[in-house]
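J.: One structure, pasted below without further comment.
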Amino acid sequence: MKTIYCFFLVSVFWFLFSGDAYAMHISEGILPFNWAALWFIVAVPFVAYGLYRLKKVSAIDISFKPLVGLMSAVVFIISCMPIPVPTAGTCSHPCGTGISGILLGPAISVLIAAVALLIQALFLAHGGLSTWGADVVSMGVVGSFAGFFTFKVLRLLKINMAVAAFFAGLFADWATYATTSLELTTGIRGDSAFMPLFIKILVAFIPTQLPLGIVEGAMTSGMIMLLYKKRPDLLVKMGVIKSGEAL
Amino acid sequence: MKIQNYKLFFLAIFLFLIFSARGGSAFGGNFSFVNAAEWSGVDETVVEKYAEEHGRVARKPFINTDQGDLLLFVFLLAGAIGGFAAGYCWRKLIEQKPKNNNAPIHRTF
């Protein structure tokens with residue numbers, strides 16, 4: 001089985017990273033200044049609260065910081081990992097904020113998404129600096145909170161953890177792209193009517209994001225279940241499960 | 001369904017998606033659902049397309065690292081800075097004991 005996994009991992013890296021990187025983030029200059037500024041204003045309090053939470057949590061246990069660093073790397077890689085979608089003939093990427101929202105809480109997840117997006121905008125031309133606020137709101141804020149709340153609500157309803165994590169990843173992905181559609185529509189519509197353009201953009205995302213959301217859900221579920229089996233103590237420590245639920 | 005079957009199921013989905021996609025571009029597009037000329041990202045096919053239709057064109061990035069080996073240098077620099085920071089804080093991270101190791105870290109947001 002190990003050989004199959006090794007082959008699988010090598011295949012994934014070879015196939016995925018041998019091409020150009022593709023992105024969903026809103027590129028530099030797409031949004032007019034006033035809309036870009038508005039999304040900045042919306043994003044900043046969430047990022048600031050994330051910093052506050054990180055400081056507060058690290059004061060209790062400093063080993064939380066390397067964990068946040070590790071999750072930042074995970075979100076950075078996942079959110080610039082192009083996945084070809086054969087049903088649409090296009091490429092897109094998952095967001096990773098569903099898993100970070102579940103594990104670290106949505107506030108810190110916003111912070112790490114903001115850092116990942118800033119590095120991508122600065123050095124990889126993946127998203128723009130002027131559109132950083134809009135990208136933080138869609139991927140960081142909406143993605144993290146959607147993932148976190150979906151997981152919490154489903155767990156409160158006594159839904160199986162793997163299923164709850166799957167839907168958390170799925171809704172985090174879809175909510176991110178729905179928000180991107182909203183940001184794009186408000187920014188570019190001019191005198192056009194809002195709803196027809198919003199629906200047009202949202203529908204254009206569906207062929208790619210519908211299957212990719214399912215992939216992100218499966219990935220999130222797999223990661224949570226792996227942690228649950230191998231390191232349930234970490235999930236207890238991060239408040240994802242209670243100590244009685246650990247294996 | 002047993003856990004082993006789940007793993008094989010997800011493995012099959014991933015391999016199918018990846019191989020059919022790469023097959024589409026590398027082998028003439030014969031075994032993907034859609035015979036796309038390019039595997040363009042949704043930034044081009046959706047975001048930039050609709051933006052252009054409404055008169056908004058993407059600008060060139062402020063820092064363009066897509067020149068020669070510049071991107072490799074950026075990764076080298078990031079690795080060096082990250083490695084230095086991790087090494088510098090290593091002792092602090094390893095030796096400092098948590099105040100209450102059993103307390104869950106986040107219960108709220």
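J.: List every residue whose amide H lies under 5 Å from the amide H of A:T90, counting only residues 5 or more places away in sequence or on a different chain, with H placed 1.01 Å from N in the peptide plane.
T.: HN-HN under 5 Å from A:T90: A:V85.
J.: Determine how many Å³ per residue the convex hull of the Cα atoms of region A:31-245 encloses. Please report the intermediate quantities before stating the final value.
T.: On the way: hull volume 26.3 nm³, N = 215.
Dividing the Cα hull volume of region A:31-245 by its residues yields 122 Å³.
J.: Also, I was wondering about something else. Provide a whole-number value for the mean count of partner chain Cβ atoms within 10 Å of the Cβ atoms in peptide A:228-238.
T.: Mean shielding by partner chains, rounded to a whole number: 2.
J.: Springs between alpha-carbon atoms under 10 Å, Gaussian network over chain A: tell me which of A:F167, A:F149, A:F123 tops the mean-square fluctuations.
T.: Answer for the Gaussian network model of chain A: A:F123.
J.: Continuing with the same structure: Would you mind computing Rg(Cα) / (2.2 N^0.38 Å) for region A:77-182, counting N as its residues?
T.: Details: Rg = 13.8 Å, N = 106, 2.2 N^0.38 = 12.9 Å.
The reported ratio for this selection is 1.07.
J.: What value in Å³ per residue do you get for the convex hull of the alpha-carbon atoms in region A:101-152?
T.: Details: hull volume 3.0 nm³, N = 52.
Dividing the Cα hull volume of region A:101-152 by its residue count gives 57 Å³.
J.: According to a simple spin-label model (label point 7 Å from Cα along Cα-to-Cβ), what is the distance in nm between B:F10 and A:R231?
T.: With each label point 7 Å from Cα toward Cβ, the separation is 1.7 nm.
J.: Ok, one more. Give the long-range amide H neighbours of A:I241: residues separated by 5 or more places, or on another chain, with amide H under 5 Å away, using H modelled in the peptide plane at 1.01 Å from N.
T.: Placed amide hydrogens put A:V236 under 5 Å from A:I241.
J.: Something else about it: Starting from the 7 Å offset along Cα-to-Cβ, what nm value, one decimal, do you get for the label separation of B:V74 and A:S192?
T.: Label at B:V74, label at A:S192, 3.0 nm between them.
Coordinate-derived values only; no laboratory data. Bear in mind the structure is a predicted one, so any value in this text is a computation, not a measurement. Every residue, glycine among them, receives a Cβ derived from its backbone with ideal geometry; neighbour counts consider all protein chains shown.
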